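This report concerns only the one structure given below.
The values are calculated or read from the model by the stated rules, or taken from the named source; none is laboratory data. If you're wondering where the values come from, they're calculated on a predicted model, not measured in any experiment. No Cβ is skipped: glycine too gets one built from the backbone with ideal geometry, and neighbour counts run over all protein chains shown. What goes into the accessible areas is simple: the full protein's heavy atoms, side chains included, and nothing from ligands, DNA or RNA. Shrake-Rupley method; radii C 1.70, N 1.55, O 1.52, S 1.80 Å.
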Amino acid sequence: MKLVLASRNEKKLKEMNEILSGMGVEVCLQSEVGAAVEVEETGNTFEENSLLKAKAVLQATGLPAIADDSGLCVEALNGAPGIYSARYGGEGLDDAGRYRLLLANMPKGQARAAKFVSVITCCFPNGDVLTARGECPGTIAFAPMGEEGFGYDPVFFLPNLKKTFAQLSPDEKNAVSHRGKALADFGEKLRLYLKMAR
């Protein structure tokens, strides 16, 4: 089965294919099927934004579409940046600029608890929708560490592994990450869905 990813993020695509390929699922970028959909993320939750993106790509391509809406929720910042993680600090910032701003905004002397959240939504041409959610608890590091991953990975620290996401190999990250958990749950739901559809 081929799913069109509602994203231009090639690293996100790679993570999805690493986890879903064992189920006979291939995920491709929307650009590979001639679509260039820009979705305004007007939802108030990861679930709403994930559904908006998947629906828009399904409508543009007529093919089953998968979307991931994910973000970092920091306790001391009242859950920010949350659904605004990719836009934190405005359009002019790159990944490094965003996590540096996050570190600068961390209140002194407060707990650094945080979690990554990922919501996967898949929309099918017949109107069916599958949704899965994954969370990964951790803390905010005092300085960026590691070269792997993307986004806030260099400052998201896992106390039990004593590493940031950016210090983990792709396999290590997929085993514990929010997206890994959401995709594992999604994979189970998809397997049941395809079995019932036969």
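The table below gives the values:
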quantity	calculated
Selection within the stretch 45-76 - among the β-branched types (V, I, T) and under 30 Å from P107 (Cβ atoms)	T45, V74
Top-ranked residue in the stretch 111-125 [being open to solvent by 50 Å² or more (accessible area, probe 1.4 Å) and at pLDDT 95 or above; ranked as farthest from I83 (Cα to Cα)]	P125
Test: L51 is part of a strand (DSSP E or B) and either on the phi < 0 side of the Ramachandran plot or surrounded by 17 or more Cβ atoms within 10 Å (Cβ to Cβ) (or both)	no
The stretch 33-48 - residue that is in contact with a strand residue (DSSP E or B) (Cβ under 8 Å, 6 or more places away or on another chain) and of a type in the set (A, V, I, L, M, F, W, C) and, of those, most open to solvent (accessible area, probe 1.4 Å)	V33
Any hit, the stretch 126-137, residues being within 17 Å of E75 (Cα to Cα) and touching a Pro at 6+ places or on another chain (Cβ under 6 Å)	no
Selected residue (criterion: surrounded by the most Cβ atoms within 10 Å (Cβ to Cβ)) from residues of the stretch 135-150 that are under 18 Å from the mean Cα position of the chain (by Cα) and part of a loop (DSSP other than H, G, I, E, B)	G149
Complete set of residues in the stretch 1-52 that are aliphatic (A, V, I, L, M) and within 20 Å of E91 (Cα to Cα)	A6, A36, V37, V39
A60 under 30 Å from V25 (Cα atoms) and either over 18 Å from the mean Cα position of the chain (by Cα) or exposed (fewer than 14 other Cβ atoms within 10 Å of the Cβ) (or both)	yes
Number of the condition not met by L102 [criteria: (1) modelled with pLDDT of 95 or more; (2) in a loop (DSSP other than H, G, I, E, B)]	(2)
Pair list, Cβ < 8 Å and 6+ apart or interchain, from the stretch 77-90 residues that are closer than 20 Å to A111 by Cα and outside any helix (DSSP H, G or I) to residues that are among the β-branched types (V, I, T) and open to solvent by less than 30 Å² (accessible area, probe 1.4 Å)	A80/V74; P81/V74
Subset of the stretch 72-86 [hydroxyl-bearing (S, T, Y) and touching a Ser or Thr at 6+ places or on another chain (Cβ under 9 Å)]	S85
Residue tally, condition open to solvent by less than 20 Å² (accessible area, probe 1.4 Å) and not β-branched (V, I, T), over the stretch 65-75	6
Unmet criterion (only one of (1) surrounded by 15 or more Cβ atoms within 10 Å (Cβ to Cβ); (2) not in a strand (DSSP E or B)) for T131	(2)
Residues satisfying the stated conditions in the stretch 3-32, i.e. in a helix (DSSP H, G or I), of a type in the set (A, V, I, L, M) and buried (at least 16 other Cβ atoms within 10 Å of the Cβ)	L13, M16, I19, L20
Of all residues in the stretch 86-101 being touching a Phe, Trp or Tyr at 6+ places or on another chain (Cβ under 7 Å) and closer than 14 Å to F156 by Cβ, the one that is surrounded by the most Cβ atoms within 10 Å (Cβ to Cβ)	Y99
